[in-house]
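The values are calculated or read from the model by the stated rules, or taken from the named source; none is laboratory data. The structure presented is a predicted model; accordingly, all values stated were derived computationally and were not measured. When we count neighbours, we look across all protein chains shown, and the Cβ atoms used for this are built from the backbone with ideal geometry, even at glycine.
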Amino acid sequence: MFRATLKSLLARKVRLILSGLAVVLGVMFVSGAFVLTDTLGRSFDSVFADGFSEIDVNVAAKPKVEVNEMEGEQTAAPLPAAVVDRVKQVPGVASATGIVNADGARVIGSNGKVVTSFGPPQLGENWIGESDLMQLREGRAPQAENEIVLNKALATTAKVQVGQKVGVLTAFESKKRDFTLVGIMGYSGDRDSIGGVNEVFFTTPVAQRLMLGEPDTFSSITLRAADGVSDETLRDDVARNLGADFDVKTGEQVAADASASLKEGLSFFNKILLGFAAVALLVGTFLILNTFSIIVAQRTRELALMRAIGASGRQIIGSVVLEAIAVGLIASVLGLAAGIGVGALLAFLFGKLAGGLTLAGIGVPAAAVIGSFGVGLVITVVAALLPALRASRIPPIAAMQDVATPDRPLTKVTVAGAVVTGIGAVLLFLGLSGNAGGQTLSTILGGVLFAFIGVALLTPLISRPVVSLLGAIFSWSVPGKLGRLNSGRNPRRTAITAAALMVGIALVTGVTVILDSAKGSISALAQDTIKAELVISGQQGGPRPPSFDPGVLDKAKALPGVRMVDGEYGDMGRIDGESTWVAASSDIASLRQIFGAKATAGDIDRLGPTQMLASSDTATSRGWSVGSTVNVQLTRGEARTYTISGIYESSQLTNPVTLPATAAKDFAIPQPIQGFIQLAPGTQVADVQPQVETLLADSPEVSVADRDAFIKQQTSSLDGLLTMIQILLALAIVIAVLGIINTLALSVLERTRELGLLRAIGLRRGQTMGMITVEAVVISVFGALLGVAVGSGLGAAVVEALKDEGITDLILPWGQMGVFLGLAAIIGVVAAVLPAVRAARINVLGAIAHD
């Protein structure tokens with residue numbers, strides 16, 4: 001039986017290779033995700049190990065507000081210079097150096113634009129001299145207040161040279177300041193940066209003032225241990241001396257913590273890639289199921305003969321499963337190899353995008369190998385089980401028949417489909433309504449999976465009438481009529497082929513519905529709510545939002561035709577011990593006049609220095625009312641008590657909490673990040689906008705735009721997200737195309753005698769190719785119609801569930817749905833090329849004699 005199975009497998013190499021490709025592509029995503037995150041993780045380990053290699057112990061003040069990666073950028077509290085002197089007195093300390101090191105130093109390149117960073121920070125530091133790690137490559141150290149040193153990578157990107165004037169924006173002074181570049185530094189090993197970080201070095205007093213906002217303060221203190229004193233011993237001694245308000249760690253601990261923080265973000269990215277791998281494998285499952293179903297149908301007589309000469313049903317099942325294991329093993333090996341290549345390529349691109357991250361060697365973690373073979377084998381075997389069971393039930397008498405087993409009734413599969421679809425609907429309802437008991441995401445994903453499987457099971461019921469209707473378009477010719485009949489002759493096969501394409505198009509359509517609805521709802525709300533004709537803002541390209549000089553607000557207010565100007569500040573704070581986004585406004589009257597806020601309690605038109613406003617949702621959830629006092633801890637400064645003086649109605653454009661403008665000095669970014677300008681009646685935007693642009697000449701990160709352009713800018717990130725998702729889901733559609741090719745190719749083999757007879761009675765080669773093409777187009781468009789319908793339904797359900805979150809407008813992308821159907825027709829034509837050519841080249845006499 002084993003030899004017979006092996007010969008059967010070798011006789012069907014091409015058809016099994018096509019189905020195996022689906023597994024290869026899915027496994028490629030799985031292994032690629034693990035290779036990518038492992039490579040980047042080890043790269044970050046190496047980067048931070050190098051960066052802290054000359055530090056035995058590091059001392060930092062505990063942050064006043066702790067934030068995670070999703071909430072924003074962690075800002076350390078400044079250390080008084082007196083702590084450096086105090087630490088020097090601890091026994092075992094050989095040296096203690098105060099370090100200024102803070103994100104927010106942005107260099108303006110020779111082209112007049114700010115050098116951006118998409119990940120690595122842009123650090124402003126104090127120059128503490130050369131070391132084994134850091135050396136000057138050109139020039140000298142900064143000595144005067146107007147002198148700086150840049151690392152080589154930043155100087156190259158900015159295209160600046162020693163001796164030139166260089167503009168710099170800093171954390172506590174968003175207005176451009178010019179410095180003289182007196183030196184360019186690099187790192188040991190001929191590295192121009194560590195991890196792609198942009199670094200600007202000032203003298204210590206300048207760094208303290210511009211990056212920390214206070215003189216005689218430091219971000220941290222680095223210690224070297226005396227001879228014979230271990231890092232751990234020194235750490236413990238310093239920690240006891242300083243007390244609980246300080247974080248004292250060894251250099252190795254600091255490096256490990258910094259790397260772990262970045263790895264947390266990588267794990268999220270890893271889950272996204274694995275999610276797309278799951279989609280690819282789901283589509284691949286349909287392809288493999290169809291392939292083995294057709295192969296079993298074609299081998300009816302062969303398998304019946306085996307039964308007749310004594311093979312048991314168990315042996316028949318084993319034969320089919322063995323073929324599946326062979327396909328799964330080969331596909332897993334190829335998928336793992338492809339995944340290693342893809343993971344290495346993505347890591348390289350990430351390194352380039354991150355500004356030149358030096359990559360560790362490409363490694364293959366155990367998870368990649370186990371995941372590849374586990375997923376590849378399991379998916380293939382599971383997909384082959386149903387055809388295997390069907391093969392075991394073929395009666396020996398079938399060997400004496402000239403026809404394959406007839407189609408079975410669709411009753412069972414329809415009932416199963418209804419049940420599975422019902423389960424999916426219940427899971428989606430529980431997840432989207434928030435009744436999943438803390439398992440919202442997994443419940444929604446489970447609901448989507450069951451919905452897809454249920455629809456796939458129900459598809460045979462509707463495939464014959466729908467396919468017949470679609471095929472009617474081509475029924476004006478003989479090849480069209482034949483193609484229409486062929487596409488509807490086997491509802492199960494057509495349904496499974498179409499379902500593979502349905503999954504990819506349904507996901508793309510669903511995501512498009514959700515994002516378009518979100519974009520439309522936000523745009524409509526902003527158009528109706530924001531009563532400002534001009535908006536000052538910038539496009540965020542890193543962890544810190546662009547900011548501008550607050551002096552611009554006063555100057556803009558003095559311009560002719562300007563009625564009101566408001567500057568918006570924002571930061572994460574802790575209110576009564578809970579992390580909360582807090583905002584401050586330069587003119588609190590704008591809350592009502594520009595943003596249309598409505599008071600639900602108290603007064604929202606004025607705000608004293610110890611008063612704050614809250615949205616109605618926040619007040620209700622926290623149990624606040626007018627007169628309540630709350631404790632607010634901001635990124636800098638000491639905690640303060642504020643009294644709630646007013647509560648405004650919650651909306652998507654109002655902040656949870658609004659503090660007085662004086663509080664912004666303790667924000668991580670103490671400058672406004674947005675500005676809103678309301679014009680007097682009759683004033684033209686074109687008259688005021690150029691004047692505001694002139695005021696922003698020293699703030700090149702931001703610009704002024706009219707309200708429509710601002711809204712478009714704010715929603716453009718959703719367009720980028722949609723494009724990325726569409727690109728990744730394109731893989732599922734590619735697999736579906738393979739499924740159509742495979743189905744048609746196997747169908748051509750199955751109908752060899754029939755095609756020979758058609759050719760014998762006068763069907764020309766071109767007509768034969770036309771017939772196969774019509775069949776492919778009908779199946780492809782049918783799958784696209786299913787995808788559009790299912791995707792629109794899922795998207796509409798999500799939008800309905802998100803009404804309370806502000807997504808109130810359901811927008812169906814009719815244009816894109818039409819494009820999907822058009823692409824489906826093209827996909828059908830492309831998929832038909834190889835099978836059609838094969839069918840046209842059939843030898844007529846040989847085909848007639850084919851058994």
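The single condition among (1) in a loop (DSSP other than H, G, I, E, B); (2) within 16 Å of Ala102 (Cα to Cα); (3) more than 37 Å from the chain's Cα centre (by Cα) that Gly163 does not satisfy is (2).
Restricting region 219-261 to residues that are farther than 16 Å from Phe52 by Cα and touching a Phe, Trp or Tyr at 6+ places or on another chain (Cβ under 9 Å) leaves a set whose member that is surrounded by the fewest Cβ atoms within 10 Å (Cβ to Cβ) is Ala239. If you filter region 436-448 down to residues that are surrounded by 17 or more Cβ atoms within 10 Å (Cβ to Cβ) and not hydroxyl-bearing (Ser, Thr, Tyr), you find that the one that is farthest from Val415 (Cα to Cα) is Ala436. Every condition in (1) modelled with pLDDT of 90 or more; (2) closer than 17 Å to Gly98 by Cα; (3) not hydroxyl-bearing (Ser, Thr, Tyr); (4) not in a strand (DSSP E or B) holds for Val254 except the one numbered (1). Per the listing Ala498, Ala556, Ala518, the residue uniquely closer than 23 Å to Val702 by Cα, hydrophobic (A, V, I, L, M, F, W, C) and outside any strand (DSSP E or B) is Ala556.
Just a yes or no: is a residue in region 262-271 closer than 30 Å to Phe350 by Cβ, touching a Pro at 6+ places or on another chain (Cβ under 9 Å) and at pLDDT below 90? Checked region 262-271: no residue is closer than 30 Å to Phe350 by Cβ, touching a Pro at 6+ places or on another chain (Cβ under 9 Å) and at pLDDT below 90. Every condition in (1) at pLDDT below 80; (2) farther than 30 Å from Phe676 by Cα is met by Gly720 except one, and the failing one is (2).
Scanning region 611-636 for residues that are over 15 Å from Arg592 (Cβ atoms) and free of Cβ contacts under 8 Å to residues at least 40 places away in the same chain returns Asp617, Thr618, Ala619, Thr620, Ser621, Gly623, Trp624, Ser625, Val626, Gly627, Ser628, Thr629. Is there any pair linking a residue in region 758-774 that is buried (at least 21 other Cβ atoms within 10 Å of the Cβ) to one that is at pLDDT 80 or above, with Cβ under 8 Å and at least six apart or on different chains, and which? Partner pairs satisfying both residue conditions: Thr773/Val829.
Would you please name the residue that is nearest to the chain's Cα centre (by Cα), looking only at residues in region 77-103 that are β-branched (Val, Ile, Thr) and over 24 Å from Ala171 (Cβ atoms)?
First, pick out the residues of region 77-103 that are β-branched (Val, Ile, Thr): 83-84, 87, 90, 93, 97, 99-100.
So of that shortlist, the ones also over 24 Å from Ala171 (Cβ atoms) come out as 87, 90, 93.
Details: Val87: 44, Val90: 48, Val93: 46 Å.
It comes out as Val87.
Does region 115-129 include one or more residues that are within 26 Å of Thr75 (Cα to Cα), of a type in the set (Ser, Thr, Tyr) and in a strand (DSSP E or B)? No, region 115-129 has no match at all.
Scanning region 804-822 for residues that are in contact with a Ser or Thr (Cβ under 9 Å, 6 or more places away or on another chain) and either assigned to a helix (DSSP H, G or I) or closer than 15 Å to Ala506 by Cα (or both) yields a total of 5.
Any chance region 64-77 includes a residue that's outside any loop (DSSP other than H, G, I, E, B) and of a type outside the set (Asp, Glu)? Yes: one or more hits. Taking the conditions (1) at pLDDT below 80; (2) under 27 Å from the mean Cα position of the chain (by Cα); (3) surrounded by fewer than 20 Cβ atoms within 10 Å (Cβ to Cβ) in turn, Phe348 satisfies each one other than (1). Within region 177-227, being among the basic types (Lys, Arg) and over 34 Å from the mean Cα position of the chain (by Cα) holds for Arg177, Arg209, Arg224. Scanning region 572-597 for residues that are farther than 20 Å from Thr529 by Cβ and either touching a Gly at 6+ places or on another chain (Cβ under 8 Å) or not assigned by TED's automatic domain parsing to the domain that holds Leu613 (or both) turns up Met572, Ser579, Thr580, Val582.
Taking first residues from region 211-238 that are polar (S, T, N, Q) and partners that are buried (at least 21 other Cβ atoms within 10 Å of the Cβ) and part of a helix (DSSP H, G or I), the Cβ contacts under 6 Å between residues at least 6 apart in sequence or on separate chains come to Thr217/Gln208. Restricting region 610-638 to residues that are modelled with pLDDT of 90 or more and assigned to a loop (DSSP other than H, G, I, E, B) leaves a set whose member that is nearest to the chain's Cα centre (by Cα) is Leu634.
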